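Asker: One structure follows; several queries about it will come next.
None of the figures in this text is laboratory data; all of them are computed from the coordinates on show. Just so it is clear, the structure is predicted and the values come from calculations on it, not from any experiment. Counting neighbours? That spans all protein chains shown, and the Cβs are built from the backbone with ideal geometry, glycine included.
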Amino acid sequence: MARSQGNERQSRDRDEPELVERLVAINRVAKVVKGGRRFGFSALVVVGDGKGRVGYGSGKAREVPEAIRKATDQAKRTMMRVPLREGRTLHHDCRGHFGAGRVLLRAAPSGTGIIAGGPLRAIFESLGVHDVVAKSTGSTNPHNMIKATFDALNAVESPRAVASRRGKKVSEIVGRRDTNADSKE
């Protein structure tokens with residue numbers, strides 16, 4: 001019986017897509033006790049499959065590898081899907097905030113690259129976005145920046161989702177975007 005459980009575990013690992021893990025931040029904290037200081041570590045990790053799924057997690061432990069493992073496990077549990085245009089950028093611009101952290105995410109034309117710093121770059125690389133412009137204002141705390149980015153990514157909708165919600169055709173929704181771009185030129 002134990003043999004079959006091991007085989008199931010291996011087949012599950014093979015079915016799971018290859019995940020990109022990015023360590024964003026490690027923080028050392030000290031607890032003062034009678035004998036001196038006790039050190040602990042907290043880790044912040046972003047995990048994605050490079051095809052539109054991404055998640056983040058934080059973990060705390062006495063050793064760095066254990067904190068990273070805990071954070072990675074939490075990130076895998078909290079993964080969410082983000083619709084991408086042509087598999088390379090966002091469908092539209094969006095804003096997000098968490099606490100004092102505020103971010104602005106803008107869709108970009110092909111060839112722009114990832115113009116983002118720190119934790120935002122880690123999220124987009126794990127997500128599989130190739131062209132995006134992101135600006136972080138307010139807090140530079142990595143936890144707040146990541147949560148603000150996920151707040152913004154939750155607001156991203158595909159034209160198909162908007163069309164079904166409004167009872168229209170996708171061509172009507174996308175057609176408006178193209179006519180607006182033509183009128184600006």
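Asker: Past 28 Å, Cα to Cα: identify those pairs from Lys51/Lys135; Lys34/Lys147; Lys70/Lys147; Lys51/Lys169; Lys31/Lys70; Lys76/Lys135, in the order given. Provide the component values of the computation, followed by the final result.
Answerer: Working: Lys51/Lys135 23 Å; Lys34/Lys147 37 Å; Lys70/Lys147 18 Å; Lys51/Lys169 25 Å; Lys31/Lys70 20 Å; Lys76/Lys135 26 Å.
With Cα atoms farther than 28 Å apart: Lys34/Lys147.
Asker: Here is a follow-up. On a 0 to 90 degree scale, rounded to 10, what angle separates helix 170-184 from the longest Cα axis of the chain?
Answerer: 80
Asker: Once the Cα atoms of helix 64-77 and of the chain are each reduced to a long axis, what angle between those two axes, in degrees from 0 to 90 to the nearest 10, is obtained?
Answerer: The angle comes out at about 40 degrees.
Asker: Cβ neighbours within 10 Å, averaged per peptide: list 135-146, 154-165 in order, most packed at the top. Don't jump to the answer; show the numbers that get you there.
Answerer: Details: 135-146: 18.4, 154-165: 14.7.
With the highest mean Cβ count within 10 Å placed first, the list reads 135-146, 154-165.
Asker: With the crude spin-label approximation of a point 7 Å out along Cα→Cβ, what separation in nm comes out for Thr78 versus Thr112?
Answerer: Inter-label distance under the simple model: 2.7 nm.
Asker: What length, rounded to one decimal in nm, is gained on full extension from Ile26 through to Ser171, with 0.36 nm per residue of separation minus their alpha-carbon distance?
Answerer: Details: separation 145, 0.36 × 145 = 52.20 nm, distance 4.63 nm.
Full extension of this stretch gives 47.6 nm more.
Asker: Across every pair of different alpha-carbon atoms, what Kirkwood hydrodynamic radius in Å does the stretch 84-184 reach?
Answerer: On the way: mean 1/r = 0.0699 Å⁻¹.
By the Kirkwood definition, the hydrodynamic radius is 14.3 Å.
Asker: Would the chain count as rounded, prolate or oblate if I go by the C-alpha gyration tensor, calling it rounded below 1.5 in a/c and otherwise prolate when a/b exceeds b/c, oblate otherwise?
Answerer: Since a/c reaches 1.5 but b/c is at least a/b, the shape of the chain is classed as oblate.
Asker: Tell me the label-point distance for the pair Lys51, Asp93, using the 7 Å Cα-to-Cβ offset, in nm and rounded to one decimal.
Answerer: Taking the two extended label points, one gets 3.2 nm.
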